[in-house]
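Only the coordinates and a few stated rules stand behind these numbers; no lab work does. Nothing here was measured: the structure is a model prediction, and the numbers come from that model. Cβ sites come from the backbone with ideal geometry, for glycine too, and all protein chains shown count toward neighbours.
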Amino acid sequence: MKEFLDDLRNDHSDFTQGKLEDGLKDVNPIELFKKWYQEAYDKNCPEPNAMTVSTVGKEMMPSSRVVYLKELTQKGFVFYTNYESKKGKDISENPKVALSFYWKSLERQVIVGGIAEKVAGEVSDEYFNSRPRGSKIGAWASQQSREIESRDELESEIKKVEKQFENKEVARPPFWGGYVVTPLYIEFWQGRESRLHDRICFSKEDEYQNHWKVARKEP
């Protein structure tokens, strides 16, 4: 263990891939996110749409997990999940969430803070219908975040669902669908030498406000 910790302490790699100019304060943060995402995609960053979703429920214990961004609409960032999962229950108790994207090879992060709400049912239907059949079956079979005795219990439930939908289209479960996170805060982080990173941050008081307040923050 000591050798492992020594390796961590001695990791002094630096950040040299880019910088953020003050002129970025004049851009639209959603358009800048799209630009950064496209650059991450073009540079073959692994799974550029992977993002950490952090929630805080009524017990005030933060919880984080990695999911996939599936769409960026005029309203915000869209992902899909089981509404009865840990994250779903947290959101029902406290809709304030945080999203975090990390593109290692570009030495960039984007952090989003906002309000999550369910997307319209027809939007969830459209996405669910595009999923592979196995994923559709899995959405029905898994009571996400519920404790089970063994993997066999899940496999047994999958077989039941497969039989239920044998020779049928698999409809979207009523407990499964999308959330859209309307951003109130978006931070663009670019690694710099000596850990003196660039941070340009956009914020607004509510989702109905069109104007973004922009500031540079110290690293």
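Observations
- The sum of -39500 (n - 2.57) across all DSSP H runs of n ≥ 4, divided by the residue count of the chain, sets its helix-only mean residue ellipticity at 222 nm to -8500 deg cm²/dmol.
- As a calculated quantity, the FRET efficiency between residue 218 and residue 50 at R0 = 41 Å, using C-beta atoms, amounts to about 0.90.
- Take the Kirkwood radius over Cα pairs of the chain, plug it into Stokes-Einstein at 10 °C and 1.306 mPa s, and you get 81 µm²/s for translational diffusion.
- Cα-based reach from residue 168 at 23 Å (exclusive), listing lysines while leaving out same-chain residues under 8 positions away: 136, 159, 160
- Sequence-separation-based contact order of the range 60-219, relative, with Cα cut under 8 Å and 6+ spacing, percent: 27
- Evaluating 6.51 cos²θ - 1.76 cosθ + 1.60 at θ = phi - 60° for every residue in the range 115-132, the Karplus couplings come out as 10, 9, 8, 5, 7, 4, x, 5, 5, 5, 4, 4, 5, 4, 5, 8, 7, x Hz, glycine and proline recorded as x.
- Dipole size of the range 63-180 about its Cα centre, with +1 on Lys/Arg Cβ and -1 on Asp/Glu Cβ: approximately 280 debye, rounded to the nearest 20.
- Over 22 Å apart at the Cα level, from the set 43/204; 96/213; 25/204; 70/118; 86/118; 75/204, are 43/204.
- Linear extension gain, residue 175 paired with residue 195, 0.36 nm per residue minus alpha-carbon span: 2.8 nm
- Taking amide H as placed 1.01 Å from N in the peptide plane, the amide H of residue 197 sits under 5 Å from that of 192, each at least 5 places away or on another chain.
- Shape analysis of the range 53-92 based on the Cα gyration tensor places the equivalent ellipsoid semi-axes at 20, 10, 10 Å, largest first.
- Taking each residue as 0.36 nm, the span from residue 126 to residue 143 lengthens on full extension beyond its C-alpha to C-alpha distance by 4.0 nm.
- Each of residue 63 and residue 96 was given a label point 7 Å from its Cα along the Cα-to-Cβ line. The distance between the two points is 1.8 nm.
- Partner aspartates and glutamates whose Cα lies under 14 Å from the Cα of residue 217, excluding those fewer than 8 positions away in the same chain, are identified as 21, 22, 187, 198.
- Phi to ³J(HN,Hα) by Karplus 6.51 cos²θ - 1.76 cosθ + 1.60 over the range 170-181, Hz, x for Gly, Pro: 8, 7, 5, x, x, 9, 10, x, x, 10, 10, 9
- Residues whose amide H comes within less than 5 Å of that of residue 176, counting only those at least five positions distant or on another chain, are 83 (H built at 1.01 Å from N in the peptide plane).
- Coupling constants for the range 21-36 follow from the phi torsions by the Karplus curve (6.51 cos²θ - 1.76 cosθ + 1.60, θ = phi - 60°), and in residue order they are 7, 5, x, 5, 5, 9, 9, 7, x, 5, 5, 5, 4, 4, 5, 5 Hz; glycine and proline get x.
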